[in-house]
Amino acid sequence: MKAVALTRYLPIDDPQSLSDVELPTPSPAGHDLLVRVQAVSVNPVDTKVRSPKPQIEAQPKVLGYDAAGVVEAVGEAVTRFKPGDAVYYAGDITRPGSNAQFQLVDERIVGHKPASLDFAQAAALPLTTITAWELLFDRMSYALDGGGAGKSLLVIAGAGGVGSIAIQLAKLAGFTVIATASRQDTIDWCKALGADHVITHREPLGPQLKALGVDTLDAALNLADTDRYWSELGELLAPLGHVGLIVEPRGELRIGDPYKAKSIGIHWEMMFARPRFRTADMGEQGALLDRVADLIDAGVLRGTLTETLSPINAANLREAHRRLESGTTIGKLVVAGW
Ligand SMILES: NC(=O)c1ccc[n+]([C@@H]2O[C@H](COP(=O)([O-])OP(=O)(O)OC[C@H]3O[C@@H](n4cnc5c(N)ncnc54)[C@H](OP(=O)(O)O)[C@@H]3O)[C@@H](O)[C@H]2O)c1
């Protein structure tokens, strides 16, 4: 099968940072599906895993997490899917990735592709959607059905991949959503996704919130830079508020006052935790992707794809990584077709 892989960890401008290779097609066993991959999306985690370091892989390492495709064959323990089913999933960071014509993935973390989306649109969703959903509804424990009613929520990096679906899920839960964006294109995108207000993360947040009549926040999702907004959020969050984090801090975080004094809940989300540690409830990821597919097909949520490169090959994946590394993409970038 065709695949895009690395053996060395090089800057993305190096043509050998990602290469076209031929690899054996794997066979499914147990709970695994063998998926014929039709489209993949690129996330910051792809670029973080690929980031330059001296390590050398003995065998080509295939990256890629988000994918949409068609089930080709199933392991003997599979119950939720059959060959021919269209699926979408974010995969497992500990296994060979989706940048290949065929991939093995555990059925428990796979959802049925939304019928109303094509493969490229579907591939844009899983990783960011699992992240935003688990953060809001599992880690922070808000109810999807009205848990945000009467509450304010700040979404830092509203136009990013995670922010684009977090805004929509938060609106669905009833929050008043204030998103941050720093450019006209990203401001417009956040508003189109339903944000009630958009402020810029290039200026102090407090005065902008005050100008909107928001004195304190009930909750905040920091989807960009944990250290940079830490002390400001500590001041802005209301007593008994909640903060959600998804980005590794560069330094040490002081979790005492004002967070302790106000009894603010600090919630980490790592969307690969369930598959990586094979938690007993890992099937919740497949279930949430099925629920999201229903919400998409009902027109309650919209897709977040903004751009598609084609075909899936090393040149286009290098270009996709390069754009992601710029930190200025809007919504999701997908690479589709072979
Ligand atoms: N823990 C997990 O499970 C998990 C899951 C997914 C992602 N992540 C991490 O979360 C981060 C965001 O992921 P993503 O996919 O949403 O990224 P993304 O799509 O690359 O985000 C791009 C957006 O970030 C905004 N941005 C850039 N620098 C910013 C800053 N300093 N402050 C606020 N906003 C900024 C930009 O908005 P403007 O152009 O308007 O400035 C841009 O639209 C990444 O570090 C990623 O690795 C973690």
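The values are calculated or read from the model by the stated rules, or taken from the named source; none is laboratory data. For clarity, every value in this text was computed on a predicted model and none was experimentally measured. Cβ sites come from the backbone with ideal geometry, for glycine too, and all protein chains shown count toward neighbours.
Per-structure values
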read-out	value
Qualifying residue in the range 93-105 (condition: out of contact with any Gly (no Cβ under 8 Å at 6 or more places or on another chain) and over 25 Å from SER17 (Cα atoms))	no
Hits in the range 177-215 (condition: surrounded by 22 or more Cβ atoms within 10 Å (Cβ to Cβ) and β-branched (Val, Ile, Thr))	VAL177, ILE178, THR180, THR186, VAL198, ILE199
Meets criteria (part of a loop (DSSP other than H, G, I, E, B), more than 12 Å from the ligand (Cβ to nearest atom), touching a residue at least 40 places away in the same chain (Cβ under 8 Å) and touching a Ser or Thr at 6+ places or on another chain (Cβ under 6 Å)) for VAL300	no
The lone exception for GLY251 - which of (1) over 26 Å from LYS151 (Cβ atoms); (2) over 22 Å from the mean Cα position of the chain (by Cα); (3) touching a residue at least 40 places away in the same chain (Cβ under 8 Å) it fails	(3)
Wholly within the range 46-139, strands (runs of 3 or more DSSP E) carrying at least 1 residues that are more than 22 Å from TRP338 (Cα to Cα) and in contact with a Pro (Cβ under 8 Å, 6 or more places away or on another chain)	67-74, 102-106, 110-112
Residue within the range 24-33 that is part of a strand (DSSP E or B) and crowded, with 16+ Cβ neighbours inside 10 Å present	yes
Matching residues, the range 145-192, being aliphatic (A, V, I, L, M), outside any helix (DSSP H, G or I) and within 19 Å of LEU127 (Cβ to Cβ)	VAL155, ILE156, ALA157, ALA159
Subset tally (residues that are outside any loop (DSSP other than H, G, I, E, B) and at pLDDT below 95) for the range 231-285	0
Conditions (1) closer than 20 Å to LYS332 by Cα; (2) within 16 Å of the ligand (Cβ to nearest atom); (3) outside the structural domain of VAL214 (by TED's automatic domain parsing); number of the one not met by VAL162	(3)
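Each row is one residue, and each column tells you yes or no for (1) touching a Cys at 6+ places or on another chain (Cβ under 9 Å); (2) more than 16 Å from the ligand (Cβ to nearest atom); (3) not assigned by TED's automatic domain parsing to the domain that holds LEU33.
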residue: ALA100; (1), (2), (3): no, yes, no
residue: PHE119; (1), (2), (3): no, yes, no
residue: GLY174; (1), (2), (3): no, yes, yes
residue: ALA181; (1), (2), (3): yes, no, yes
residue: GLN184; (1), (2), (3): no, no, yes
residue: ALA192; (1), (2), (3): no, no, yes
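For every residue, the table says whether it meets (1) surrounded by 13 or more Cβ atoms within 10 Å (Cβ to Cβ); (2) within 12 Å of the ligand (Cβ to nearest atom).
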residue: LEU217; (1), (2): yes, no
residue: ALA224; (1), (2): yes, yes
residue: GLU235; (1), (2): no, no
residue: HIS242; (1), (2): yes, no
residue: ARG254; (1), (2): no, no
